[in-house]
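Note sheet for the following structure.
The values are calculated or read from the model by the stated rules, or taken from the named source; none is laboratory data. No experiment lies behind these values; they were computed from the predicted model shown. Every residue, glycine among them, receives a Cβ derived from its backbone with ideal geometry; neighbour counts consider all protein chains shown. Remember, those area values only see protein heavy atoms, side chains included, never the ligands or the DNA or RNA. Shrake-Rupley method; radii C 1.70, N 1.55, O 1.52, S 1.80 Å.
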Amino acid sequence: MEIWEIFFISLLPLTLFPVMQSISYQKKWLQRNYEGKRIPYTLGVLLLSYTALFFYVFPVEHRLLLLVYITLLWFVGWMDDVKGTKYPKGIKGHLRYFIEYKKWTTALTKMLGISVASFFVIIVSADMDWGALISFGILILSPHVTNAFDTRPLRVWKWSVIQFIIFSFFLPSIQENIALYMFIFLIVWGYVETTKKAMLGDNGATCIGGIIAVLLVFSTPLSVQLVTLFLYVGITWIVEKISLHEWIEKISMLRAIDRLGRL
C-alpha cells in the first residue's frame with residue numbers, strides 16, 4: 001500500500017468527528033474538565049475508530065480477538081462515564097463501598113469486565129504458564145493505570161508516547177505504513193486534547209490502556225513485560241495511597257513534563 005493511501009486512510013475517522021461532537025452536545029455526554037468547562041468525553045470513540053480501522057487495514061495476528069478485547073474495555077469505560085459517580089475512588093474504595101453498603105458500582109462492573117476480557121485473551125492466545133500470568137496482569141493493570149493518569153489534558157498522551165518509545169527498542173522493525181498510521185493517530189489525538197475539543201473520559205483512557213497492553217503482551221519479550229508489570233503495580237499502589245496528581249505535582253521533573261503542551 002502506498003504512503004499516500006495510508007495518509008488518506010488514517011484521516012478517514014476524522015470525518016466522523018463533527019458528527020460525534022454534535023451528538024455529544026445533544027445527548028449531554030459532557031464532563032467538567034480541570035478548568036471547570038464542560039466538554040465531550042467522547043474522544044475514546046474516535047480512538048476506537050482508529051483502532052478498528054488499523055486492524056482492518058493491517059494483517060495483525062489475533063486481530064479479531066484483540067479488537068474484541070479493546071472494544072470491551074472501551075464499552076465498560078463508557079458505562080462508567082455515563083452511569084458512574086466520582087465517589088468512591090480507587091479499587092479499595094469501591095470494594096469497601098460494596099462490602100459496607102451492598103451497592104454495586106459501575107467501576108466494579110468495569111473492573112470485572114476488564115478481568116473477563118483479559119482472561120479471554122489469555123485463554124485463546126497464550127500457553128498457560130507463568131508467562132501467561134504476567135501477560136494477564138498487564139492486560140488488567142494497563143487500563144487501570146492509564147485511567148489513573150487521565151486527570152489533565154495530554155497526560156495519558158505523554159504516558160503512552162513514552163511507553164511507545166521505550167517499547168520500540170524491543171520491537172522488530174516496524175513497517176513504514178504502520179509507523180505513519182500510528183504517527184497520525186498520535187497527532188490527531190494530541191490535537192483534540194490540546195485544543196480541549198474533547199477529553200478521553202474513562203472510555204478513552206481504558207481503550208488506550210488496552211492498546212498499550214496489547215502492544216506489550218504481543219510484541220515485547222517476557223523480561224520487558226515483567227519489568228513493566230512491576231511498574232504498573234507500583235503506580236497502582238501510589239494511586240491507592242495518595243492521588244497520582246498530587247504525586248506528580250510533588251516531583252519537579254514530572255511536574256514540568258506534565259505542563260508541556262498544555263494551553
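Here are some notes:
- In this structure, Leu65 does not qualify as open to solvent by 40 Å² or more (accessible area, probe 1.4 Å) and either over 22 Å from the mean Cα position of the chain (by Cα) or more than 22 Å from Arg155 (Cβ to Cβ) (or both).
- Filtering the range 204-247 to residues that are open to solvent by 40 Å² or more (accessible area, probe 1.4 Å), in contact (Cβ under 8 Å) with a residue 24 or more places away in the chain and part of a helix (DSSP H, G or I) leaves Phe218, Ser219, Leu222, Leu226, Val233, Glu240, His245.
- Residue within the range 129-139 that is touching a helix residue (DSSP H, G or I) at 6+ places or on another chain (Cβ under 9 Å), at pLDDT below 85 and either open to solvent by less than 20 Å² (accessible area, probe 1.4 Å) or within 30 Å of Ala256 (Cβ to Cβ) (or both) present: yes
- Against the test of being part of a loop (DSSP other than H, G, I, E, B) and hydrophobic (A, V, I, L, M, F, W, C), the options Ile174, Ile178 yield a single qualifying residue, Ile174.
- Among the residues of the range 1-50, the one identified as farther than 18 Å from Phe185 by Cα, open to solvent by less than 50 Å² (accessible area, probe 1.4 Å) and more than 22 Å from the chain's Cα centre (by Cα) is Gly36.
- Number of positions in the range 156-197 that are touching a Leu at 6+ places or on another chain (Cβ under 9 Å), within 15 Å of Leu46 (Cβ to Cβ) and open to solvent by 30 Å² or more (accessible area, probe 1.4 Å): 5
- Boolean, Val214 is within 19 Å of Leu48 (Cα to Cα), of a type in the set (Val, Ile, Thr) and either at pLDDT below 90 or touching a helix residue (DSSP H, G or I) at 6+ places or on another chain (Cβ under 9 Å) (or both): yes
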